[in-house]
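Notes follow once the structure below has been shown.
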Amino acid sequence: MLEVQEIHVAYGQVNVLYGISLSVKSGEILCLLGRNGAGKTTIMKSIMGLLPLTSGTITLNGTAISTLPAHEIPRMRIGYVPQGRRLFPELTVSENIEVGLMTCQEDKATRDWVLEIFPRLRERLTQVAGTLSGGEQQMLATARALCLRPQVLLLDEPTEGLQPSVIEQIRQVIVRMKQEGVVVLLVEQRVDAILSIADQVSFIENGRNVETTDAASLRDDPDKLKRYLGV
Amino acid sequence: MDFGPHFLIASLEGAITAAILALTAMGLSIVFGVMRVVNVAHGEFYMLGAVIAWWVAHLIGIHPALGFVAALLLAPLLVGVLAAAADKLILQKIGYDPDRTIVGTIGLLYIIQQSTLMTFGPDARPVQPPFNTRLSIPWFEFGDNGFEIIWPWGLGTTSYKLFVIFAAIVILTGLWAVMTRTKIGLIMRATQQDNEMARAFGVPVERVYAWVFGLGAALAAAGAVLVVPIQQAHYLMGGDPLLLSFIVVIIGGLGSLPGTVIAAIFIGMSDGIISVFFSPTLAKIIATLVVAMVLVFRPQGLLGKANP
C-alpha cells in the first residue's frame, strides 16, 4: 500500500503542491486527473524522491520512503515511466533494459520476462533507443520500469501520442500488473481510456487534491468530469 | 639533416605531445560530458601528477624503474582521490551550477598551484626515466648507388619516448573498454544522458560524479607522470596542458570521446611539428586559430552533436 500524506513540494521558492494526500492499495489503480500544470507530474517526481518535500510523508507498506536518498527509492521496487518516456537516447534497447535490471539487481529471468511482454523490443535489442518509433519508445520505457519487478508502478501519460494498437498493449500491461497485485498510479489525459480500468480517480487542482472518488461512481455521474476538467 | 629525416623527428615529438594530450584532454572531456562541469583546475591536477611522481620517485630512490612504476600507480590514484574530495567539498555544495563551478574550479586552481609552490618550491625537478635506450632510425636515399638505407646522424629517438606513446594507447584502450563494456561504463553513460532518470533507476548520481571527477583528474595525472621524465616537474606546468585540452575538447566536440582522441592527435602532431620547424608560440597561435574557425563554422565540434 502506497500512502502519500499531506505532502508540500516547492521548486525553489515556488510552492507547487499544497498538502496532497493519496492512498493506493496493492492491486489497485489510482488515476490522477487534472488540468495542465495542476501538479500531477510533480506528485510522481516527489514519490520518486526527485524533488524534496517541504513537509509530509510518503510510505510504502508502512515504511517511510520520503526520508530515503533518491537513488534508494527505486530499489524499493518502485518503477517509473516518466512523461515523454525519457529513455537514455544514445544507449541501445538492450542497455536501457540493463539499466533497469541493475536497479534491483534483477537477472536474466526478468529480462526474458520483460521481453516476453514486449516481443517487439527483442527484435530491436541492438538499436539505439533514440531512433525507435514513438510506440517502441513507450514500450521500452515501460519495459525498463518492469525490470524492477515493481510493487509500485508510476505511469505518467503512458499513451500520449500513440497509435491505438500500442495504447491497447500498454493498457493490457497495466491491467496485468494490477492483477499481479502491483500498486498502480496513473496520470492520464484521456478520460475515456481510464474510466474502464481505474479503481479510483483523484482530481488535482492547483496542487491540491480536491476530491477522490470511485471510478465506478464517476462513470454514472460524468458531471464531475465537466466540473474539474471542463470536458 | 635533410627535410625528410627532420620531419620524421618532428612527427615523433608531435606523437608524444599527442599521446599526453589525448590522456589529459580525455579527462577534461569525460568530466564535461558526464557532469557538465568546465574544470578550469584540470591543468593543476596534471601538474600535481608530475609533482607527486617526483616525490614518489625521490622517496623510493632504489632504482629509477621501481620509482617510476610506483609513481605511475600512486600519482593518478592520489590525484584522483584529491579530486573526488574536491568534488564532494566544493562542486557538490554549489549544486554543479555551471557558472559557479567555473569560479569554484578557478579557486581550486590557485589553491593547488600555490600550495605546490609553498611545499615543492619553484624549481623544476626531473624524474629519471625507467629505461632510456637510444634508438637510431634508418632513412633512405637515392644516391649514386641507387636506393640506399642510411643512418643519418641525429635521427633517433629513445625507447622511453616510444613507451609513452604505447602507454597512452594502452590507457585509452582500457578506458574505452570500461566505458563500453562494463556496468560502471554503462552507469556513467546513462548518467551523462539523463541524470534525473539515472537517479530514478537507482544510480547514486553524486557518487558517480565524485568518481568521474576523480577519474578525469587521474587521467591528467597519468599523462603528467608519463611526461616528467621528458619535461621535468614544475609548479606552473599546468597552464599549457589546460589550454591545449580545452582546444582539443572544443575541436573534437564537447563530450565526444572519439572526437577528443582525433582532435588530440591533430593538435598534438601539429603542435610538435610546428614547434620543431618554427616556434612553440606559433603552434599555439595556429591551434587557437583552428578553435576560432571551428567555433565559427562547426560550433558543436568535429564529432559533437548539435543541440536540437
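The values are calculated or read from the model by the stated rules, or taken from the named source; none is laboratory data. Being a predicted model, the structure only gives us computed values, none of them experimental. Methodologically, a virtual Cβ is constructed for each residue, glycine included, from the backbone with ideal geometry; neighbour enumeration extends over all protein chains shown. Side chains included, ligands, DNA and RNA excluded: accessible areas come from the protein's heavy atoms. Shrake-Rupley method; radii C 1.70, N 1.55, O 1.52, S 1.80 Å.
Only a single criterion out of (1) acidic (Asp, Glu); (2) away from chain A (no Cβ under 14 Å); (3) within 30 Å of A:ILE65 (Cα to Cα) is not satisfied by B:GLU196, namely (2). Considering A:LEU140, A:LEU148, the condition of being within 20 Å of the chain's Cα centre (by Cα), within 13 Å of another protein chain (Cβ to nearest Cβ) and assigned to a helix (DSSP H, G or I) is satisfied by A:LEU140 alone.
Residue count for region A:29-55, restricted to those that are over 15 Å from the mean Cα position of the chain (by Cα) and within 12 Å of another protein chain (Cβ to nearest Cβ): 1. Scanning region B:164-187 for residues that are of a type in the set (Val, Ile, Thr) and under 20 Å from the mean Cα position of the chain (by Cα), we see that the one that is nearest to the other protein chains (Cβ to nearest Cβ) is B:VAL178.
Residue check: A:LEU218 meets all listed conditions (1) open to solvent by less than 20 Å² (accessible area, probe 1.4 Å); (2) aliphatic (A, V, I, L, M); (3) within 25 Å of A:ARG111 (Cα to Cα) but one, namely (3). Residues of region A:1-25 being within 20 Å of the chain's Cα centre (by Cα) and hydroxyl-bearing (Ser, Thr, Tyr), which ones? Residues satisfying the conditions are A:SER21, A:SER23.
Inclusion of A:SER26 among residues that are over 23 Å from B:VAL205 (Cβ atoms), more than 14 Å from every other protein chain (Cβ to nearest Cβ) and part of a loop (DSSP other than H, G, I, E, B) is warranted. Of all residues in region A:91-106, those satisfying the criterion of being open to solvent by less than 60 Å² (accessible area, probe 1.4 Å), assigned to a loop (DSSP other than H, G, I, E, B) and of a type outside the set (A, V, I, L, M) are A:CYS104, A:GLU106. Looking across region A:188-215 at every residue that is free of Cβ contacts under 8 Å to residues at least 40 places away in the same chain and of a type in the set (D, E, K, R), the one that is surrounded by the fewest Cβ atoms within 10 Å (Cβ to Cβ) is identified as A:ASP192.
Can you tell me which residue is least open to solvent (accessible area, probe 1.4 Å) among those in region B:231-274 that are assigned to a loop (DSSP other than H, G, I, E, B) and among the polar types (S, T, N, Q)? Among those that are assigned to a loop (DSSP other than H, G, I, E, B) and among the polar types (S, T, N, Q), it is B:SER256.
Tell me which residues, restricted to region B:5-58, are of a type in the set (Val, Ile, Thr) and either open to solvent by 10 Å² or more (accessible area, probe 1.4 Å) or within 30 Å of B:GLY156 (Cα to Cα) (or both). Hits for region B:5-58 are B:ILE9, B:ILE16, B:THR17, B:ILE20, B:THR24, B:VAL38, B:VAL40, B:VAL51, B:ILE52, B:VAL56. Within region B:5-22, identify whether any single residue is over 22 Å from B:ASN132 (Cα atoms), in a helix (DSSP H, G or I) and not hydrophobic (A, V, I, L, M, F, W, C), and answer yes or no. Taking every residue of region B:5-22 in turn, none turns out to be over 22 Å from B:ASN132 (Cα atoms), in a helix (DSSP H, G or I) and not hydrophobic (A, V, I, L, M, F, W, C). The set of residues in region B:275-285 that are in contact with an Asp or Glu (Cβ under 8 Å, 6 or more places away or on another chain) and either surrounded by fewer than 20 Cβ atoms within 10 Å (Cβ to Cβ) or part of a loop (DSSP other than H, G, I, E, B) (or both) comprises B:SER275, B:VAL276, B:PRO280, B:LYS284. Against the conditions (1) within 12 Å of chain B (Cβ to nearest Cβ); (2) open to solvent by 60 Å² or more (accessible area, probe 1.4 Å); (3) under 20 Å from the mean Cα position of the chain (by Cα), A:HIS71 satisfies every one except (2).
For region B:188-209, a tally of residues being in contact with a helix residue (DSSP H, G or I) (Cβ under 6 Å, 6 or more places away or on another chain), open to solvent by 10 Å² or more (accessible area, probe 1.4 Å) and assigned to a helix (DSSP H, G or I) returns 6.
Just one of the numbered conditions (1) open to solvent by less than 30 Å² (accessible area, probe 1.4 Å); (2) at pLDDT below 95; (3) not polar (S, T, N, Q) is not true of A:LEU155: (2). Quick one: is A:LEU60 in contact (Cβ under 8 Å) with a residue 40 or more places away in the chain and open to solvent by 20 Å² or more (accessible area, probe 1.4 Å)? When the stated conditions are applied, A:LEU60 does not pass them.
Scanning region A:175-187 for residues being over 15 Å from A:LYS25 (Cα atoms) and either hydrophobic (A, V, I, L, M, F, W, C) or open to solvent by less than 10 Å² (accessible area, probe 1.4 Å) (or both) gives a total of 1. Considering the conditions (1) over 30 Å from A:GLU98 (Cα atoms); (2) open to solvent by less than 10 Å² (accessible area, probe 1.4 Å), A:LEU121 is excluded by exactly one of them, (1). The single condition from (1) at the interface with chain B (Cβ under 10 Å from one of its Cβ atoms); (2) surrounded by fewer than 18 Cβ atoms within 10 Å (Cβ to Cβ); (3) assigned to a loop (DSSP other than H, G, I, E, B); (4) in contact (Cβ under 8 Å) with a residue 24 or more places away in the chain that A:PHE88 fails is (2). Scan region B:112-161 residue by residue and report those that are assigned to a loop (DSSP other than H, G, I, E, B), among the aromatic types (Phe, Trp, Tyr) and modelled with pLDDT of 85 or more. The answer is B:PHE120, B:PHE131.
Under the condition of being more than 7 Å from chain B (Cβ to nearest Cβ) and under 14 Å from A:ALA141 (Cα atoms), the residues counted in region A:91-110 number 6.
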